[in-house]
Every structure is written in structure tokens, then in C-alpha cells.
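Asker: Provided herewith is a single structure, encoded as C-alpha cells, for subsequent inquiry.
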Amino acid sequence: MEELDIVIVGGGIAGLATSLALHRKGIKSVVLERSESVRSEGAAFGIQTNGWLALQQLGVADKLRLKSLPIHQIRDVLIEKGIKRRESVGPASYGEVRGVLRNDLVRALAHALPLGTLRLGCHILSVKLDETKSFPIVHVKNGEAIKAKVLIGCDGSNSVVSRFLGLNPTKDLGSRAIRGFTNYPDDHGFRQEFIRIKMDNVVSGRLPITHKLVFWFVVLRNCPQDSNFLKNQEDIARLALASVREFSEEWKEMVKNCDMDSLYVNRLRYRAPWDVLSGKFRRGTVTVAGDSMHLMGPFLGQGCSAALEDGVVLARCLWRKLNLGQDGIINVSSFSSRMQIEEAIDEYIRERRGRLVGLSTQTYLTGSLIAASSPVRKLLLVVMLMILFRDQIGHTRYDCGSL
């Protein structure tokens, strides 16, 4: 059986960010990714000030800025029965906001890691505890078993590690999201703003990445769970175009002229705020980060940035407590050493829980408001948001701190 110090399950944003943060503190880790290549589904993120502060700590912020436009404002539009009922414009963040391609972010994180850190094609089936030392053992689909001194689950919404911790399953939002990119060879000419339009049961948004590339999405509410009717990219494209048939010609052209290969569809899920508040995020020397810990809807655009914050905070907490030998190897020679690891994870969870409960709650209420049709329910949600989150973009002020 192979024995490793720190094993990270999942080579997405959270897994790579955590591994890079550990590397920058001189701590070795191995990332196990089930795919045969680094995941690259069509998506982009609006990374806000707090996310850029985390990227700065990871050492990749300046590289990513070269490939993205600054976003100056957010525009929300409500259209009912063909009539514009409401339009609001506000600042996107306290500070910096840019649209970043998921591919660019993943590559920047992965390329900054030492060779051999990322292992592809490692499909994790289960996690068990060693009966003698109580360290986790990861069982891989190919029959291998890996013992780790620290195990960090960054394996997304259907997380094997989360199930090992006994966390409640994530919940279905009852919506399906289609995401894609559209290239404009001669400059799209759009404002440098994030615009979101709600019309009936459809919410669609647009985020400029560069002067020639736009990321867009369509969220369909009350969409059937069965996705067998979406057999290929052409089917996804037809569904996206049909969903925006009542939008402006400019909007329909954007969806129609998309890069077909970039289209990506999935059902939206979330971890309930009350589960984030009460969830047990440590068992022995096992914990979680990113979507495995706090999967949330896209309504605040903080899922990616929160995952980056997780990586910085977890690496800092481990570095403070770990007894490191030469070459970043963890010395675990006694029960007290294992206790130090557990204390480090507990410190990480304490620091993150308050932040994540706030983000999850605001995201949940904002998503509920967008979906609400009853005037009474809308009023109730608005009042709750005003009481709990008077500063609607206050979440962008957060600083995860230095490594």
C-alpha cells in the first residue's frame, strides 16, 4: 500500500488551489483527479475582489489579469409579459472584478505545481480508516489503496469524501443551467458589465471576458430532471436558443453564434445553509473544501472565490501546526502529532464556517428571490435580505489573509 502525506481528492479549482497553497508553504501534496485530463468544461467565473486577494496569495493573479477585462458594474433587468418592469445598476464589487475562463484558471494553478503533484485517471471509490493508526485509506477504482496522513476532499457536489464525513447530500435547486461562449472577431462592443435578465421562468446572463469573447448562461427553472433528450451539442444549442426566443435580437444572435464545443449543461445543486452551519467537516485527519464543503447556487458568483479562499486558509492552518521534516515531509511519529493535524483542521473549519454560512445564506435568499412569483414571498425575501445583508456586495470585502 502506498503511503503519502497529504492527499487531495479532486483536481478542480479547490483541489489545485489547496495544493498550490501548500506548495507555497513548502508542504508536499498529491492531487488525485478521476479524469484523464484536467477538467475543462465550458465555464467562466466573475472573480470579485476577495477572489483576487486569494489568487494574489497563490501567485497567479497577475498572469490571469492579462487575459481578462475589468467589469465595472452589474445590471439586473426584470421583464414580465414583454414589458421591462425593473432595471437596477450597481457596482460589481468593492474593488476588482474580472471574468476569467475556467480553463485559464485551472491551467494557471496546475502549471504552478511541481511535476508529479497531479495524478490523472484516479477514480476514488471509497474512504476508510486504518484500524491501527486511524489514518484514512483511499481506495481507487484500479484496485490500488493509498494511505494518507491528511485527506482533503475537493471532489465536488457528489463527493465521496463528504459521504465519508457523514454530511447531508446536496439539494436540487430544480433548475438546469446551460453555459457557453461566443466569439466576436471584430470586437463585441458590449459594456464592461455583468448583465442578468429574468424573463418568466428563464434567467440569462452575459459576462465579457475579453473584447472579442463573451461568456453567457441560461438558467431554466422547472426543467425536467431527465436529460436524455439532450443527446449532443446540437440539442443543447437548440434548447438554449429556444429558451431565449423572447429576448432581444442581439441576445438571440449571441446564443445562436456560440462556440458549439463550449456548450455545457448541468443541474444546479446546493448545500443548504443550515447544513453548512451544523455540518461536521472533520473526521480524524479528513476534511473537505470547495463545492464538497459549501456547494452554492451561482446567484452571488462566489463559489469559485470561496474555493480559492478555502485553499489559502487550510494551507495556512496546516503550516502553523504541522511538524515538518526535510523536503516538506510531515513527521507523524506520535499520537500528539496526529492531534496537531486535527487541531489545524478544526482551526480551518472555525475560520471558514462563519464566512461560508453568510455566503450560503445570502446566495440561497437571492436565488429564492429571483425564482419567486408571489408578491408576498418577494416582499418577505427582500425584507430578510435587507435585515441580514444590508450591504448587498459586502461579501466582496472579505480578505482571507496571507499564506
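A short reminder: the numbers here are calculations on the coordinates, not readings from a lab. All values derive from a computational prediction rather than experimental measurement. No Cβ is skipped: glycine too gets one built from the backbone with ideal geometry, and neighbour counts run over all protein chains shown.
Asker: How far is helix 233-243 tilted, in degrees, relative to the longest principal axis of the Cα atoms in the chain, given as a value from 0 to 90 rounded to the nearest 10?
Answerer: 50 degrees
Asker: Kirkwood hydrodynamic radius of segment 23-174 from all distinct Cα pairs, in Å?
Answerer: Its Kirkwood hydrodynamic radius stands at 19.0 Å.
Asker: Straight-line reach from Lys81: which lysines fall under 20 Å, measuring Cα to Cα and dropping same-chain residues less than 8 apart?
Answerer: Lys198, Lys252, Lys378
Asker: Where does the chain land at 222 nm, in deg cm²/dmol rounded to the nearest 500, when only DSSP H runs of n ≥ 4 count, each adding -39500 (n - 2.57), divided by all residues?
Answerer: -11000 deg cm²/dmol
Asker: Could you tell me which of the pairs Lys63/Lys321; Lys231/Lys256; Lys141/Lys280; Lys149/Lys321 are separated by over 21 angstrom between their Cα atoms in the structure shown?
Answerer: Lys63/Lys321; Lys141/Lys280
Asker: Ranking request for peptides 299-306, 211-218: highest mean number of other beta-carbon atoms within 10 Å first, then the rest in descending order.
Answerer: 299-306, 211-218
Asker: Can you tell me what share of the DSSP beta bridges in the chain is antiparallel? A percent to the nearest 5 is fine.
Answerer: Just about 70 percent of them are antiparallel.
Asker: Same structure, new question: How big is the dipole moment of segment 127-181 about its Cα centre under a simple scheme where the beta carbon of each Lys and Arg is +1, that of each Asp and Glu is -1, and everything else is neutral? Debye, nearest 20, please.
Answerer: Using Cβ point charges on Lys, Arg, Asp and Glu, segment 127-181 gives about 140 debye.
Asker: If the viscosity is 1.002 mPa s and the temperature 20 °C, what translational diffusion coefficient in µm²/s does Stokes-Einstein give for the chain when Rh comes from Kirkwood over Cα pairs?
Answerer: 97 µm²/s
Asker: Relative to the longest principal axis of the C-alpha atoms of the chain, give the angle of the C-alpha long axis of helix 102-111, reported between 0 and 90° and rounded to the nearest 10°.
Answerer: Helix 102-111 and the main axis of the chain meet at about 20 degrees.
Asker: Let me spell out the model: positive unit charges on the Cβ of Lys and Arg, negative unit charges on the Cβ of Asp and Glu, origin at the Cα centre of segment 337-403. What dipole size does that give, in debye rounded to 20?
Answerer: 400 debye
Asker: What's the center-to-center distance, using Cα atoms, between segment 89-129 and segment 345-365 in Å?
Answerer: Result: 20 Å between the Cα centres.
Asker: Out of Leu55, Pro114, Val100, whose Cα points farthest toward the positive end of the dipole of segment 1-148 (charges: +1 Lys, Arg; -1 Asp, Glu; placed on Cβ)?
Answerer: Val100
Asker: Let me ask another. With charges set only on the Cβ (+1 for Lys and Arg, -1 for Asp and Glu), what does the dipole of the chain come to about its Cα centre, in debye to the nearest 20?
Answerer: I would put it at about 760 debye.
Asker: Also, I was wondering about something else. Loop only per DSSP, at most 16 neighbouring Cβ atoms within 10 Å: give me the trypsin sites (Lys or Arg not before Pro) in segment 142-208, ordered by residue number.
Answerer: Taking segment 142-208 and a limit of 16 other Cβ atoms within 10 Å, the loop trypsin sites (Lys or Arg not before Pro) found are Arg191.
Asker: Want the number for Glu36 to Ile83: 0.36 nm per residue separation, take away the alpha-carbon distance, what's left?
Answerer: Contour length minus Cα-Cα distance gives 12.1 nm.
Asker: Oh, and also: Pick out which of Glu250, Glu343, Glu144 has the largest mean-square fluctuation in a Gaussian network model of the chain, springs linking Cα atoms closer than 10 Å.
Answerer: Checking each option, the largest mean-square fluctuation is seen for Glu250.
Asker: Counting other C-beta atoms within 10 Å, and keeping those with at most 11, which DSSP coil GluC sites (Glu not before Pro) do you find in segment 1-65?
Answerer: Glu36
Asker: Working out 0.36 nm times the residue gap between Asp200 and Gln392, then minus their Cα-Cα distance, what length gain in nm do you get to one decimal?
Answerer: My answer for the length gained is 66.7 nm.
Asker: If r is the Cβ-Cβ distance from Arg245 to Lys378 and R0 is 35 Å, what FRET efficiency results, to the nearest 0.05?
Answerer: For R0 = 35 Å, the calculated efficiency reads 0.85.
Asker: By how many degrees, 0 to 90 and rounded to 10, does the Cα axis of helix 375-388 deviate from the longest principal axis of the chain?
Answerer: Between the helix axis and the principal axis of the chain, the angle is about 50 degrees.
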